[in-house]
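To start, the structure itself, in structure tokens.
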Amino acid sequence: MTRLYNAPEDFADEMVRGFVAANGRYVRAVPGGVARATASPAGEVAVVIGGGSGHYPAFGGLVGPGLAHGAAMGNLFASPSTQQVRSVATAAQQGGGVLFTYGNYAGDVLNFDAAQEQLRAAGIPCETVAVTDDVSSAALAEKHKRRGIAGDLTVFKAAGAAAAEGYDLEEVVRVARLANERTRSFGVAFTGCTLPGAEEPLFSVPAGRMAVGLGIHGESGIGETDVPTAAGLAELMVGRLLEDLPDGVATVAGARVVPILNGLGAVKYEELFVVFGRVAELLAQVGVEVVDPQVGEFCTSFDMAGASLTLFWLDEELERLWSAPADTPAFRRGSVAPVAYADTAEVLADEVQVVPAASDESRVAAERLGEVLALVRQTVDEHVHELGGLDSIAGDGDHGIGMQRGSHAAGDAACVAIAAGAGAGTMLERAGDAWSDRAGGTSGALWGVALRSLGAAIGDEQAPHAASVAAGVAAAGEGIRAYGKAKVGDKTMVDALVPFSATLTREVNGGASLAEAWAVAADAAVAAAAATADLLPRMGRARPHAEKSLGTPDPGAHSFALIVRAVADVLTERAGLVTKGTTA
């Protein structure tokens, strides 16, 4: 279990502060994560990595000369927000463009892609290579759907070395894709991990049994077997990876490979060395030449007892880039020439936001909607452990704490906007930005889209009325589906949102007041969320563990239903807040 923490919701922020304090020689704090403390040559491609916290030394521990230029660091097991990614990339870029590379998870893809679009619009060239090394998470025919686990290191290192050698953005991307294609990983676990403040691990394994094909976010394994000997584990890992050879590796005989035996948090180095002894023997038996083997912790999962094996199949170029000098807090190679420290004035100050003009009616409505957001925060607080428990069944257990961080940030931002005289639309848009930024992950991004869409539809000219709220909810639904690519039936938040929006619009068009329409729509959302228990997930981290989620509602759909049900109760009590065809 994780024993040392203050407030669980502050753990990631406090961890980053401590990490920077301990590694000021390598990294400096920037909004959203860390960037190199040392200066990089003008025109050099910036390699920006990132992901959720809880995996040290990934991701901040891999920032430094010869490797990454910056790391966006999200909440525990949650992707960094779009704002965090954009901020780190802006601080790290040197005029040669930016390569984003990270593990292939839905939240990371959503937020890194959104940041990429924003940076491109600002004139900064950006490209992306998502790491897909985990052979357990999808079949070879669908390798683009695979997760990124400990093989992140090989892709990051090859890309960082290529950038240091002066490759342009197109060539750095080519190298990163090649490294990803030639990297395969397979992992097992003997116990699950426990997040700070949680009473139970995200999954458990019976005594004497081993989860096979696990993820690094506390996702349980694809299968289960008896715990083998150290030699038996090595044989399982090597055998599975030799069944999944990359394109370009026709035969293993004579091939050169970097093996990386990674401890996931609680397995000791001595145990890893025992396993690796047999790994080396097995590779030698089939004619593979081992190059620069690595044994240690490279991508962890808090206190998970487990290990993964990565095989990085080399060609001449990749071997040169792997062996090139690097100097980071957690990974060092060769000797890096002395480098001057970066000018810390490069860190951007927060932008001053001007509050647009708003009508008196809209400002009054903003205050009342601020009370609704306070209710949302209260609702999430009351159910935070329930939401985390639902998410831990087939996911990574972070939904509760992510919703909590997001709803608190949205409420705080709403208070600031209201105090500055913002109208209802502006207040909701800023609350959405704060929710997305603070929560990170998929749910943070989607709730940010929802609040911003609702705010844009309501505007600042007049108080919201039933029709404008229904239109705003519909716009939120469209925005979420376009952004997250989920459809009804995928077992996501969309399964509750779509019937809620359709029912709300139907009732409003039929002449119901907002309070009346919202209550009926909330009932539809609650029923739809409950019905997701019968669905198999087709997106996100739960997809590889689809069968485990049968009988359990989707956490995102459930939290949405809890929130709209609570809001319905308030609207019913305060029917004068917004009425049909009138303003508040």
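Taken together, the values in this text are just the output of simple stated rules run on the coordinates, not laboratory data. Here the structure is a predicted model, which is why all the values come from computation and not from measurement. We place every Cβ from the backbone using ideal geometry, glycine too, and count neighbours over all the protein chains shown.
Per residue, the chain reaches -15000 deg cm²/dmol at 222 nm when only DSSP H runs of four or more residues are counted, each adding -39500 (n - 2.57).
Rounded to 0.05, the FRET efficiency of the C415 and A122 pair, given R0 = 30 Å and the Cβ-Cβ distance, is 0.50. Full extension of the chain between H144 and E386 yields a length gain of 83.9 nm, computed as 0.36 nm times the residue separation minus the alpha carbon distance. Principal-axis analysis of the Cα atoms of the chain puts helix 424-439 at an angle of about 20° to the longest axis. Remark: the chain projects, on average over all directions, an area of 25.2 nm² (convex hull of Cα atoms). The spacing between segment 107-160 and segment 53-75, judged by their C-alpha centroids, is 14 Å.
Principal-axis analysis of the Cα atoms of the chain puts helix 514-531 at an angle of about 30° to the longest axis. Shape class of segment 15-173 from the Cα gyration tensor (axes a ≥ b ≥ c, square roots of the eigenvalues): rounded, since a/c falls below 1.5. For A502 and M1, a Förster radius of 41 Å and the Cβ-Cβ distance give a FRET efficiency of 0.40, rounded to the nearest 0.05. Per-residue Cβ neighbour counts within 10 Å put Y341, Y105 in the sequence Y341, Y105, beginning with the fewest. With contacts taken as Cα pairs under 8 Å at a separation of at least 6 residues, the chain carries a relative contact order of 13 percent. Each residue of segment 7-14 was assigned a 3J(HN,Hα) from its phi angle through the Karplus curve 6.51 cos²θ - 1.76 cosθ + 1.60 (θ = phi - 60°); the sequence is 8, x, 5, 9, 4, 4, 5, 5 Hz, with glycine and proline shown as x. For segment 8-326, the Kirkwood estimate of the hydrodynamic radius, built from every pair of different alpha carbons, is 19.5 Å. Normalising by residue count, segment 360-573 has a Cα convex hull of 95 Å³ per residue. At full extension, S335 and E281 could sit 16.4 nm farther apart than now, given 0.36 nm per residue minus the alpha carbon distance. Explain nothing, just the number: dipole magnitude of the chain about its Cα centre with +1 on each Lys and Arg Cβ and -1 on each Asp and Glu Cβ, in debye rounded to the nearest 20. For the chain, the charge dipole is close to 280 debye. Amide H contacts under 5 Å for T38: A342, restricted to partners 5 or more places along the chain or on a different chain, H placed in the peptide plane at 1.01 Å from N. Spin-label model, E243 to A357: label points 7 Å out along the Cα-to-beta-carbon direction sit 6.9 nm apart. Once you list every other residue whose beta carbon is under 11 Å from the beta carbon of T132, what net charge do they have if Lys and Arg are +1 and Asp and Glu are -1? Value of the local net charge: +1.
Put +1 on the Cβ of each Lys and Arg and -1 on the Cβ of each Asp and Glu in segment 360-573; which of G421, L451, A467 then has its Cα farthest toward the positive end of the dipole? Ranked along the dipole, the leading option is L451. Taking Lys and Arg as +1 and Asp and Glu as -1, the other residues whose beta-carbon sits under 11 Å from that of A12 total -2. Any idea what log10 I(q)/I(0) is at q = 0.11, 0.22, 0.23, 0.24 Å⁻¹ for segment 1-100, Debye with uniform C-alpha scatterers and no solvent? Cα-only, vacuum Debye calculation for segment 1-100: -0.29, -1.07, -1.16, -1.25.
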